Each structure stands twice: as structure tokens, then as C-alpha cells.
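Peer 1: Can you keep this structure in mind? I'll have questions shortly.
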Amino acid sequence: MNQIIALGKALRKRPTDAEKIRWKQLRLKQIEGFKFRRQQPIDHYIVDFVCFEKRIIVEVDGGQHAMQKEDDIIRDKYLRQQGFQVLRFWNNEVLQNINGVLEVIRESCLSPSP
């Protein structure tokens with residue numbers, strides 16, 4: 001578990017451009033007052049962003065995820081079994097449609113929890 005925590009800390013120090021943009025909008029309870037954390041360990045996974053109050057995970061995926069679809073399917077299934085809703089966006093989607101992606105996250109936060 002210490003390795004997962006250390007990896008999370010390392011990832012927070014070197015975010016992608018898309019993660020920087022997304023974090024700028026999620027931090028400090030900017031979405032309807034909900035608190036998000038970034039590069040947060042959840043069991044043996046590290047998620048890009050998570051709101052524990054609403055049980056929402058936001059993943060910002062780069063090109064490497066196109067090659068690891070099976071791993072992402074298994075990971076998402078596990079996280080859903082833990083009660084989380086997983087929202088995935090491609091880097092280019094975050095960079096080119098900032099407000100649209102933000103609105104999807106906002107709507108998820110305002111929806112009743114499962």
C-alpha cells in the first residue's frame with residue numbers, strides 16, 4: 001500500500017496538460033461545493049480525480065489507454081462494485097471541449113447518488 005501512496009504523490013507532481021486543466025476546475029469545491037481529490041489511491045488503483053461524497057471518479061485518458069482497454073474495463077468494473085460512478089474522458093476531449101466535459105461532471109454531481 002505504501003507503494004500506491006508514493007505513486008499517487010509522484011503522479012500529482014507531474015500531471016498531463018489535460019489533468020492540469022481539469023484539476024483547475026475541480027479543486028477548491030468549484031463544482032457545486034463538492035470536494036475532489038486528485039491522484040487518489042482507492043484500494044490497489046490510483047484514480048485521476050475522485051469525489052468521495054458523490055462516489056464519482058473522473059479519469060482523463062491519454063493514448064496509452066487505447067492499448068489497455070481490457071485493463072480499464074476490469075478496473076472500472078471493480079470501482080463500480082465499490083459503489084463509484086466512473087466518468088472517462090480522452091485528453092483531447094478535455095482540451096478541446098473544456099466546458100462540455102465540465103458540464104457532464106457537474107450533472108453527475110447533481111444527480112442522486114446510486
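Peer 1: By count of other Cβ within 10 Å, fewest leading, how are I31, I74 ordered?
Peer 2: If I rank by nearby Cβ atoms, fewest first, I get I74, I31.
Peer 1: Based on alpha-carbon centroids, what's the gap between the range 17-67 and the range 72-106 in Å, whole number please?
Peer 2: Taking the Cα centre of the range 72-106 as reference, the centre of the range 17-67 is 8 Å away.
Peer 1: Just subtract the alpha-carbon distance of Y45 and K29 from 0.36 nm times their residue separation and send over the number in nm, one decimal.
Peer 2: 3.4 nm
Peer 1: For D48, D71, what ranking results if the residue with the fewest other Cβ atoms within 10 Å of its Cβ goes first?
Peer 2: D71, D48
Peer 1: While we're on this one: Could you list I73, I42 so that the one with the fewest beta carbons within 10 Å of its beta carbon is first and the one with the most is last?
Peer 2: Least crowded to most crowded, the residues run I73, I42.
Peer 1: What percent do you get for the relative contact order of the range 2-110 when only Cα pairs under 8 Å and 6+ apart count?
Peer 2: The normalised contact order for the range 2-110 reaches 24 percent.
Peer 1: Separation between the R14 and Q96 pseudo-spin-labels, each 7 Å from Cα along Cα→Cβ, expressed in nm?
Peer 2: So the two model labels end up 2.7 nm from each other.
Read-outs throughout are calculated quantities, based only on the coordinates presented, and are distinct from any laboratory measurement. Everything numeric in this text was worked out from a predicted model, so none of it was measured. Virtual Cβ from ideal backbone geometry, glycine too; neighbours counted across all protein chains shown.
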